[in-house]
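In what follows, a structure is listed as structure tokens, so that the remarks can point back to it.
The values are calculated or read from the model by the stated rules, or taken from the named source; none is laboratory data. Nothing here was measured: the structure is a model prediction, and the numbers come from that model. Cβ atoms come from the backbone with ideal geometry, glycine included; neighbour counts cover every protein chain shown.
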Amino acid sequence: MIVYKHSGLTGLKNGYLYHSISGIWNSRPVPGDLMYYFALPVQQIGSVIGGVGFVLNNWPLFLISTGFLGVWFFIMFHTGTLVANKLLSSRINGIKKVAGIVFIVFVAIGLCEVITVVFSHSLTTDTSPDPFRQVLSEFSNGFSYNDSTALTAQAVNNLLAGRNPYENSNVVTALAKYNQSSDRLTPLRTGVFAKVFPYPTLQQLKDAWQVAIQKPSQPAPEFAGTYCYPAGDFLLPVPFFLIGITDLRLIYLILTLLAIGYVIYLLPSRKRYLFIGAAIISLELWTSIANGDTGALVFPFLLLAWVLIRKNIWFSAVCMGIAVATKQTAWFFLPFYLIAVFKTTGVKKAGYVAAIMASIFLAANLPFAMRDYGSWLTSIITPMSNNMFPVGVGLVSLVTNGIINVNSPFIFDIVEFMVLGCGIIWYLFYFKRYPQLGPVLAIFPIFFAWRSLFGYFFYTGLIVLAMVLSENKDLYESLESQSINRCYNKAQLSTDTETTAYERNKGKNNRLDAL
């Protein structure tokens, strides 16, 4: 209870903040339960550095951000492992204190982030340094639709109007509808950008955008201009659009809150506030939703799919099926998920799960593929086939910083799939010892990709934490039962000893009376 007194949270005893810190302090966590609270600051700092580097076109900052991402992977690979629990068990009190401090600090940072967005125009003046104004402006503008979100909204509207979303997508008209700027686009190495490397400046993007909006009906070769996701991405928002909820960010928020709420319900009671606290301070998650990042749509289904493997395999299969029918990044999780299902339930159920996922994918995508197979397939493979610029915080930062001279993604694609293959083989053999590492191994290959943006990594940590806390439920209940039994046995032994002593003394007294 000392932590509450000194943290100044005495007046919040009935709130989630108080109970979240209580969950950290009083839930009797093992070190692996709290690793997320150490990984999160590393991830957040790296993301901020990478974001500033992108805005200022400062590629060395991307290299620094890559270092932070490497440390984040190191922590995530040890989350929930027996090795981490054994090595750090003697330091658990210090770990809990640091986790509590991280929670308080990130709550404060989140409040500052909200204030910055609301008052961003008042925080800058004409005398403010140009880099400061530029970073703050881009930060404020980030809380709006990007090209992917605008194209998804356009696809939903096309579908409701009876048009094929894959045949009627146009990024220029989609983004112009929301009055968005050129920095929300994905540039391609064609047209006026053909000789630009490693990445166009913000001014070059702006100039190309001004040309594109003069003739919005004509595709702009400098930008990824067509819808490029499986059909689930625009089918899921349809029911919300029909009842009047047309802001995709609100839809993503509703689905995320529902999934997180269900996971909290499934967790053991003493671990719930530990997870609630982690969810509250996952600023990257909430920022991505506010940004309209389409990755936020697939996160709730990936979360439920992994957590429910041991609890409700059929609902888990449905969630994973929806995920792979919605976004290509979910495909990286698929082989690891199938291994987890196979190792947990056996071959027969794994086959049924695969059939369920395939059925959901086909049900969502087959009608559009049959109508125009060429348009559908071209759209689906666009992220892999487009001639994109290198960008991100992984191995590709060596290219953007000029450390290695590579102009083609070919070698990166080879390394990426080699790492994926090695991860699949490793997980197949070591699943029983490290079941929680499936989601981490799924995204690790993206670290070696030609495009490895931080948005591909941010939600994995929360999935792993939910798995660790959920998988440990039986262990905690077992330990608690053992503890109760030990107390009972100790009390019974004490009672038996007292009874024996009483009977012995009674026997002595009887003999004395006889004498």
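Out of the residues in region 346-390 that are among the aromatic types (Phe, Trp, Tyr) and assigned to a helix (DSSP H, G or I), state the one that is farthest from the chain's Cα centre (by Cα). So, considering only residues that are among the aromatic types (Phe, Trp, Tyr) and assigned to a helix (DSSP H, G or I), the one farthest from the chain's Cα centre (by Cα) is Tyr373. Is it true that Ala220 is buried (at least 20 other Cβ atoms within 10 Å of the Cβ) and of a type outside the set (Asp, Glu)? Taking the combined requirement at face value, the residue satisfies it. All conditions in (1) buried (at least 23 other Cβ atoms within 10 Å of the Cβ); (2) aliphatic (A, V, I, L, M); (3) closer than 22 Å to Cys319 by Cβ hold for Leu274, with the sole exception of (3).
Could we say that Gly70 is in contact with a helix residue (DSSP H, G or I) (Cβ under 9 Å, 6 or more places away or on another chain), modelled with pLDDT of 90 or more and not aromatic (Phe, Trp, Tyr) here? It is true that Gly70 is in contact with a helix residue (DSSP H, G or I) (Cβ under 9 Å, 6 or more places away or on another chain), modelled with pLDDT of 90 or more and not aromatic (Phe, Trp, Tyr). Counting the residues of region 308-349 that are closer than 17 Å to Ser470 by Cβ and of a type in the set (Lys, Arg) gives 3.
Taking region 88-183 and the helices (runs of 4 or more DSSP H) fully enclosed by it, the elements with 1 or more residues that are assigned by TED's automatic domain parsing to the domain that holds Asn57, surrounded by 13 or more Cβ atoms within 10 Å (Cβ to Cβ) and at pLDDT 85 or above are at 92-118.
Residues that are over 25 Å from Leu308 (Cβ atoms) and at pLDDT below 50: find the helices (runs of 4 or more DSSP H) completely inside region 415-515 holding 2 or more of those.
Numbers: elements: 438-443, 460-471, 473-514.
Result: 473-514.
Of all residues in region 334-375, those satisfying the criterion of being touching a helix residue (DSSP H, G or I) at 6+ places or on another chain (Cβ under 7 Å) and among the β-branched types (Val, Ile, Thr) are Ile339, Val341, Thr345, Val353, Ile356, Ile360. Quick check: anything in region 57-80 part of a loop (DSSP other than H, G, I, E, B) and under 30 Å from Gln204 (Cα atoms)? Within region 57-80, one or more residues are part of a loop (DSSP other than H, G, I, E, B) and under 30 Å from Gln204 (Cα atoms). Scanning region 225-269 for residues that are of a type in the set (Gly, Ala, Ser) and within 20 Å of the chain's Cα centre (by Cα), we see that the one that is surrounded by the most Cβ atoms within 10 Å (Cβ to Cβ) is Gly232.
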